[in-house]
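Working notes, structure below.
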Amino acid sequence: MQKNFEIHADKAVIEELLDLMTNDSENLERTLNLLTDDCVWVMEPGGTEYHGIAQIKTFAGIAIKLRGHDESEHRIEILSCFSTGDNFCIEYSHGMVSTDAVTGAITSGLKGGIPTGILRYCMVYHTREGKIDRVHEYINSSSWWLSFLLPIGMAYLHRVTIKRMAKGIVNQVTS
């Protein structure tokens, strides 16, 4: 469900990003097309930073592979969006189903999902010349056990990203 939000920053970039998030969130190339070559992406919890398209493509590709969505309770729902100057913020809830990449590697085949409403994200973006050059992604959970596991999951994502970058694996998102 798309809501009407007051937008003052680069309206075209924000509208494209909102559409991407709600309708096409697994489209890595579409995401990367919105970013500058020198974009910096910071993840919280953990404070992990990814610099430039190659690092962002690697980590985002891994993150996309680890989860999926469906039309029922596992989707992205935009809660709020506001902007000022070259900055804008999108708050959303993110439900997901785990993929074999997660279940095979971590839980030995146990399938699961997180309904929309449990994980809440706040994404703060900065635009420059019609593209996003800085992203700060904050993830929070209304579940105590997910709040405990989030830093562990973010550290795992970072370790896998660093290993793939060291091996020169940038375009490949499979394990």
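Each reported figure results from applying straightforward, stated rules to the coordinates on display, with no laboratory input. Quick caveat, the model's predicted, so the values are computed rather than measured. Quick reminder, even Gly has a Cβ in these numbers, built from the backbone with ideal geometry, and neighbours come from all protein chains shown.
Just a few scattered comments:
- For residue 79, the residues 5 or more places off, or on other chains, whose built amide H falls under 5 Å of its own are 91, 92, 93.
- Nearest-0.05 FRET efficiency for residue 82 and residue 38, computed from C-beta distance (R0 22 Å): 0.30
- Fully extending the segment from residue 166 to residue 91, taken as 0.36 nm per residue of separation minus the present Cα-Cα distance, adds 23.7 nm.
- In a fully extended conformation the segment linking residue 138 and residue 12 would gain 43.0 nm over its present Cα-Cα distance, using 0.36 nm per residue.
- Extension gain, residue 155-residue 29: 0.36 nm per intervening residue step, less the Cα-Cα distance, totals 42.9 nm.
- In this structure, the amide hydrogen of residue 36, modeled 1.01 Å from its nitrogen in the peptide plane, lies closer than 5 angstrom to those of 132, 133, counting only residues at least 5 positions away or on a different chain.
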